[in-house]
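> The structure that follows is given in the form of structure tokens.
The values are calculated or read from the model by the stated rules, or taken from the named source; none is laboratory data. Being a predicted model, the structure only gives us computed values, none of them experimental. Virtual Cβ from ideal backbone geometry, glycine too; neighbours counted across all protein chains shown.
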Amino acid sequence: MYEVACGPAQKCNTDMQPFKAYPSRFMGLTAILAPWTYDRIYAHLVNTVVNGVAKSCTGGNDGVT
């Protein structure tokens, strides 16, 4: 997931970063309230988390942070 306003250029400021978390949170709640959506949502969230963890372990996009 990325914030359209800053994601492609990797120029998110501290105000923009939290907006990446809102869709994940609400997708998780949707999976609880509408169980038939669970498999599709879970697959997307796991893929997003795995990619984020891999980037954090390898220094991210800038090779440092």
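> Quick test for you: out of Gly63, Gly52, pick the one residue that is modelled with pLDDT under 70 and loosely packed, with under 10 Cβ neighbours inside 10 Å.
Residue meeting the stated conditions: Gly63.
> Taking into account only those residues within segment 6-39 that are surrounded by fewer than 10 Cβ atoms within 10 Å (Cβ to Cβ) and aliphatic (A, V, I, L, M), which is modelled with the highest pLDDT?
Leu33
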